[in-house]
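**Q** This is the structure I want to talk about, given as C-alpha cells.
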Amino acid sequence: IHVIVAGVVSTWWFAPDEASSCCSVAIKDSFVRATTTSFGSICFGSLLVAIIQTLRSMVESARQDNSNDGCAAFVLCLVDCCLQCLQGILEYFNKFAYIYVGMYGYSYLEAGKNVMTLFHARGWNIIIADDLVSNTLSLFTLIGGGLVGCVG
C-alpha cells in the first residue's frame, strides 16, 4: 500500500491531470507497478526485516530457556537489544526507500542509495544521527551497567 500511495501522490504532484479523479489511471498504474515490476523490491525490504525478526525470536526463545547462566542471559539481552535497534533503523529506512520505489520504480538497493544521497544533500543526516544517538547511548549505558554488574 505504501508504494502504491507514493506512486499515486507523486503522479498527482508531477502530473495532476493524470491523477485528477478517484478512478484515475495513476491508481491503476501505481498498483500494476507495485504488484509487478517493483514487487521484488518490496519483498526484499520486507525480507530484511523478517530476517531480523526471526533472529530476535530465536534470541528471545533462548532467553526464555531457564538453563542460561547470568552471563549468557546478559549476552542474549544485549544481542536482543542490538537486533531491536537494527530492526527499528531498517523499518525507518524502508519507509523512505519504498517511497522511491513507488515514485521512480527503482530497485530496493538503488532506492536506498538515492535516499541516503537525498539525506546527505539536504542535511537530514544530522536529524537521523540525532535520532540514532539516543539509541546508541542507551545501548552503551546498558552495556556499561551490565559490565559493572558482572564485575562487581
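**Q** Checking the conditions here, which among Phe39, Phe14, Phe93, Phe44 is aromatic (Phe, Trp, Tyr) and under 26 Å from Thr141 (Cβ atoms)?
**A** Phe93
Okay, residues lined up against (1) hydroxyl-bearing (Ser, Thr, Tyr); (2) open to solvent by 70 Å² or more (accessible area, probe 1.4 Å); (3) in a loop (DSSP other than H, G, I, E, B):
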site: Cys23; (1), (2), (3): no, yes, yes
site: Ser41; (1), (2), (3): yes, no, no
site: Phe44; (1), (2), (3): no, yes, no
site: Val59; (1), (2), (3): no, no, no
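**Q** For Ala50, are the conditions met, namely being in a helix (DSSP H, G or I), out of contact with any helix residue (DSSP H, G or I) (no Cβ under 6 Å at 6 or more places or on another chain) and within 27 Å of Leu90 (Cα to Cα)?
**A** Judged against the criteria, Ala50 is a match.
**Q** For a quick check of your reading of the model, give me the residue pairs whose first member lies in the range 140-152 and is farther than 16 Å from Asp80 by Cα and at pLDDT 75 or above, whose second is open to solvent by less than 90 Å² (accessible area, probe 1.4 Å) and not in a helix (DSSP H, G or I), with beta-carbon atoms closer than 6 Å and at least 6 apart or on different chains.
**A** Qualifying pairs under 6 Å: none.
**Q** With the requirement that a residue be modelled with pLDDT under 85 and of a type in the set (Asp, Glu), what does the range 98-133 give you?
**A** Initially, the range 98-133 is screened for residues modelled with pLDDT under 85, giving 118-133.
Passing the criteria: Asp130, Asp131.
**Q** Turning to a different aspect of this structure: List the pairs whose first member sits in the range 74-100 and is farther than 19 Å from Met58 by Cβ and polar (S, T, N, Q), whose second member is modelled with pLDDT of 90 or more and open to solvent by 40 Å² or more (accessible area, probe 1.4 Å), and whose Cβ atoms are under 9 Å apart, counting only residues at least 6 apart or on separate chains?
**A** Going by the 9 Å Cβ cut-off, the qualifying pairs are Asn94/Ser46; Asn94/Leu48.
**Q** Continuing with this model, one more query. Name the single residue that is surrounded by the fewest Cβ atoms within 10 Å (Cβ to Cβ) among those in the range 61-91 being among the β-branched types (Val, Ile, Thr) and under 25 Å from Leu147 (Cα atoms).
**A** Among them, the one singled out is Val75.
**Q** Still on this structure: Check off (1) over 30 Å from Ala26 (Cα atoms); (2) within 14 Å of the chain's Cα centre (by Cα) for Asp80 and give me the number that stays unchecked.
**A** It is condition (2) that Asp80 fails.
**Q** Is one or more of the residues making up the range 110-129 of a type in the set (D, E, K, R) and open to solvent by less than 60 Å² (accessible area, probe 1.4 Å)?
**A** Scanning the range 110-129 turns up no residue that is of a type in the set (D, E, K, R) and open to solvent by less than 60 Å² (accessible area, probe 1.4 Å).
The values are calculated or read from the model by the stated rules, or taken from the named source; none is laboratory data. Please read these numbers as outputs of a predicted model, since none were measured by experiment. Using ideal geometry, Cβ is built from the backbone for each residue, glycine included, and neighbour counts are taken over all protein chains shown. Accessible surface is based on the protein model in full, side chains and every heavy atom, while ligands, DNA and RNA are left aside. Shrake-Rupley method; radii C 1.70, N 1.55, O 1.52, S 1.80 Å.
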